[in-house]
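A.B. asks: Encoded as structure tokens, here's the structure I'll be asking about.
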Amino acid sequence: MLKIYALIIVIAILGGVGYGAKYYYDTTQATIATLRENNAQLEVAVNTANESLEVMQANVAKMADLNSKLQSDLAKAEAYGDELRGKLSRMNLVVEALKDAAVLEGKMNGATAKLWRGFMDDTGNPNDYPLPDWLQRDTTGAGDQGGDESGESPDSSSSETETTPAG
């Protein structure tokens with residue numbers, strides 16, 4: 001009878017070891033499958049990150065190029081502003097206005113219209129966009145229409161303006 005008990009104990013030990021080995025194998029295979037899935041997800045994430053990095057580097061290069069263009073445009077605009085300040089410092093607008101107000105008004109409105117068209121071109125609006133009423137050219141008078149700053153009379157021309165002599 002002792003031999004039967006010993007045999008039962010040995011079979012139980014071998015069954016326990018076999019079951020332990022099977023459990024270890026199954027859990028190891030499940031862990032390996034999970035690690036494969038995680039590895040595939042990580043590879044996709046790395047590829048996406050690399051593509052994003054390439055796009056960002058291209059954007060940085062593009063922004064650097066645009067920034068240099070903006071810097072050169074700014075330098076041109078500052079030079080133009082300096083030129084305009086120089087012209088204004090050499091002019092005496094009061095004397096010119098007293099001499100011939102219509103000519104001065106025409107020059108000022110013409111320059112304003114040119115500037116307005118430049119703004120329209122820079123903002124992407126078509127060049128044939130109509131100018132505001134106060135910048136429309138007067139075909140009958142010597143100057144441009146719209147010299148009235150209050151905006152009450154957009155069709156008054158500079159030839160209708162009365163001036164009183166100083167003095």
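The values are calculated or read from the model by the stated rules, or taken from the named source; none is laboratory data. The shown structure was predicted, so the numbers you read here are calculated from the model rather than taken from an experiment. Glycine gets a Cβ as well: all are built from the backbone with ideal geometry, and neighbour counts include every protein chain shown.
A.B. asks: If you take the residues in the range 69-102 that are among the hydroxyl-bearing types (Ser, Thr, Tyr) and under 18 Å from residue 122 (Cα atoms), which one is modelled with the lowest pLDDT?
C.D. replies: 80
A.B. asks: Then there's this: With respect to residue 144, determine if the residue is surrounded by 10 or more Cβ atoms within 10 Å (Cβ to Cβ) and at pLDDT below 75.
C.D. replies: yes
A.B. asks: Can you confirm whether residue 27 is polar (S, T, N, Q) and more than 39 Å from the chain's Cα centre (by Cα)?
C.D. replies: It is true that residue 27 is polar (S, T, N, Q) and more than 39 Å from the chain's Cα centre (by Cα).
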